[in-house]
Amino acid sequence: MGSEKKEEKVRERIEAVLRILKKQAPLSMKQEKFCNDACIERFLKAKGENVKKAAKHLRAVLSWREAIGTEHLIADEFSAELADGVAYVSGNDDEGRPVLIFRIKQDYPKFHSQKSYIRLLVFTLEVAISSMSRFVDQFVLLFDASFFRSSPAFLNLFMCTLKIVGDYYPGRLHKAFVIDPHSLFHYLWKVAIICLPFKFLV
């Protein structure tokens with residue numbers, strides 16, 4: 001009986017979020033597909049089960065996805081990055097979660113705008129999500145920091161990545177790993193980690 005009541009409350013909150021979204025503006029077919037039960041549950045959990053906050057967050061994400069053009073991101077746009085192994089999905093962990101590998105060189109930001117990096121990141125995230133089985137809803141991030149000589153530069157890129165994942169893919173990140181970081185990175189991370197709710201291992 002207790003589990004049934006809990007499921008009823010979850011269903012009520014999900015439907016309440018959908019009602020708010022549809023009241024604000026009609027959802028397209030793609031947006032309807034995106035806003036499935038599991039998606040809305042993740043947004044509710046991220047907002048402490050607050051229906052209004054979850055709906056506001058989800059609406060912002062829908063607008064962001066529309067602006068980025070997530071449905072139109074294709075591999076051809078990132079052929080050079082894919083050929084160099086800058087970002088890709090490398091199989092799954094023991095629980096079936098996709099593992100995303102990022103091997104970005106320190107001079108990458110010099111030749112690519114932040115917008116270009118965000119599009120590459122989103123493309124890689126979307127590929128990982130599309131490869132998930134029906135029983136998996138999270139991924140693992142693995143960053144190779146050995147290409148960076150500057151800890152602050154790497155930290156800026158890494159924090160930017162985690163912010164995008166946290167803001168636009170709530171509940172999707174299982175763990176984030178950093179491989180071979182500069183020694184100073186550990187000290188900088190201790191300051192930064194208090195602002196992030198992610199599980200992290202170096």
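Structure notes:
- Scanning the stretch 103-118 for residues that are in a helix (DSSP H, G or I), in contact (Cβ under 8 Å) with a residue 40 or more places away in the chain and open to solvent by 50 Å² or more (accessible area, probe 1.4 Å) turns up PRO109, GLN114.
- Just one of the numbered conditions (1) touching a Pro at 6+ places or on another chain (Cβ under 8 Å); (2) modelled with pLDDT under 95; (3) among the β-branched types (Val, Ile, Thr) is not true of VAL89: (2).
- Filtering the stretch 21-50 to residues that are part of a helix (DSSP H, G or I), open to solvent by less than 30 Å² (accessible area, probe 1.4 Å) and aliphatic (A, V, I, L, M) leaves LEU21, ILE40, LEU44.
- Options LEU18, LEU100, LEU73, LEU58: the member that is open to solvent by less than 30 Å² (accessible area, probe 1.4 Å) and either more than 30 Å from ASP144 (Cα to Cα) or β-branched (Val, Ile, Thr) (or both): LEU58
- For the stretch 82-95, a residue qualifies if it is within 19 Å of the chain's Cα centre (by Cα) and open to solvent by less than 30 Å² (accessible area, probe 1.4 Å), and the qualifying residues are VAL86, ALA87.
- Restricting the stretch 145-166 to residues that are open to solvent by 30 Å² or more (accessible area, probe 1.4 Å) and either among the small types (Gly, Ala, Ser) or free of Cβ contacts under 8 Å to residues at least 12 places away in the same chain (or both), the residue that is farthest from LEU120 (Cα to Cα): SER150
- When the stretch 64-87 is filtered for residues that are among the acidic types (Asp, Glu) and in contact (Cβ under 8 Å) with a residue 24 or more places away in the chain, the ones remaining, listed by number, are GLU71, GLU77, GLU81.
The values are calculated or read from the model by the stated rules, or taken from the named source; none is laboratory data. Computed from a predicted structure; not experimentally measured. Counting neighbours? That spans all protein chains shown, and the Cβs are built from the backbone with ideal geometry, glycine included. Heavy atoms of the whole protein, side chains included, go into the accessibility calculation; ligands, DNA and RNA do not. Shrake-Rupley method; radii C 1.70, N 1.55, O 1.52, S 1.80 Å.
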